[in-house]
Amino acid sequence: MVIQFIALLFLFSSSMTSAYAGNAWSKIGYPLAGRPQVIGSYAAGCIAGAVALPLVGDGYQVMRASRNRYYGHPLLIRFIEEQGRQAAGHGNRLLIGDLGQPRGGPMPNGHRSHQSGLDVDVWFLQQPRDRVLSRTDIERIDMLPMVRATEGRLNHARWSPYYRDALKLAAQSPRVERIFVNAIIKQALCDSETDRAWLNKVRPWWGHDAHFHVRLACPPDSGQCKPQQPIPPGDGCDADLANWVRDIVQAARSPKPYRKPSPPSADRLPAICNAVLNNPTAWDMQRP
Ligand SMILES: [Zn+2]
């Protein structure tokens, strides 16, 4: 019995270790102080000197604040505040989804990227400028899909020209590297926009039918930030996009059983991220 108990305990503790191995990043409650520095890539990276986005600002509000994923590079914080001011100018308030964890790194659920303090999700749904949601509402209000996926078209009952304006404004920021949206939304914009140049940065992806995902380029202060492949030229309103839409419609019409994806591994991070996570002194010594 005792042996069985010990064996069980061993099994339990070893599975705990592996389940939480990548999650030390989600347990760190505050950023590493100091000069802002993005290290690694969007899907395998971390950040030192991140700052917290204030939970409520002019024209925006952070949703799901209990997750503690509202940290980013100061340029990302400034970008969101600026987008908020623009929305406020039109009488609206943006709802802001996840940025990153205080020191970046992999999250136990929800995203593969958002690791280096340069990614932010912006809900399509907006609120009136003066309506600040309660602490309960920011945790409970649902993200509403803006597409009818089985029909391959936009849900016009939900869509608003304001959502298009927010996308376009973000795409036009020189700091923005790319934006991910559901392919059906991009297709609708391809069909309705007369000037499609700004659609170049708007990239088709799965999901992203209730929010868009903005990704900033590597900041000039971060020599160890790993950029992504550049976007091919053109507006992307092409056969590749049509294939994306077809795949999404097919997947919606005959859904496969949902399998929870395994969380991204912490093993792929640049070694210096260990210092960001664990050892501020070592980090200081690494400064150029
Ligand atoms: Zn995202």
Inset, instruction - Exactly one condition in (1) within 17 Å of Ser113 (Cα to Cα); (2) modelled with pLDDT under 95 is not met by Ser41; state its number. - result: (2)
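Per-residue answers, yes or no, for (1) at pLDDT below 95; (2) away from the ligand (no atom under 16 Å from the Cβ); (3) touching a strand residue (DSSP E or B) at 6+ places or on another chain (Cβ under 6 Å):
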| position | (1), (2), (3) |
| --- | --- |
| Arg196 | no, yes, no |
| Lys201 | no, no, yes |
| Gly207 | yes, no, no |
| Phe212 | no, no, yes |
| Ser222 | no, yes, yes |
Inset, instruction - Taking Val176 as the residue in question, decide whether it is under 21 Å from the mean Cα position of the chain (by Cα), modelled with pLDDT of 95 or more and surrounded by 20 or more Cβ atoms within 10 Å (Cβ to Cβ). - result: no
Inset, instruction - Return the pairs, sorted by first residue and then second, in which the second residue is near the ligand (Cβ under 9 Å from one of its atoms) and part of a strand (DSSP E or B), the first residue lies in segment 197-213 and is free of Cβ contacts under 8 Å to residues at least 40 places away in the same chain, the beta carbons are less than 6 Å apart, and the residues are 6+ apart or on different chains. - result: Arg203/Phe180; Trp205/Phe180; His208/Phe180
Legend entry - Which listed residue is under 21 Å from Gln86 (Cα atoms), touching a helix residue (DSSP H, G or I) at 6+ places or on another chain (Cβ under 8 Å) and either within 16 Å of the ligand (Cβ to nearest atom) or aromatic (Phe, Trp, Tyr) (or both), from Ala170, Ala183: Ala170
Inset, instruction - Just one of (1) touching a residue at least 60 places away in the same chain (Cβ under 8 Å); (2) under 28 Å from Ile184 (Cβ atoms) trips up Gly100, so point out which. - result: (1)
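The values are calculated or read from the model by the stated rules, or taken from the named source; none is laboratory data. All values reported here derive from a predicted model rather than from experimental measurement. Please note: Cβ atoms are built from the backbone with ideal geometry, for glycine as well, and neighbour counts cover all protein chains shown.
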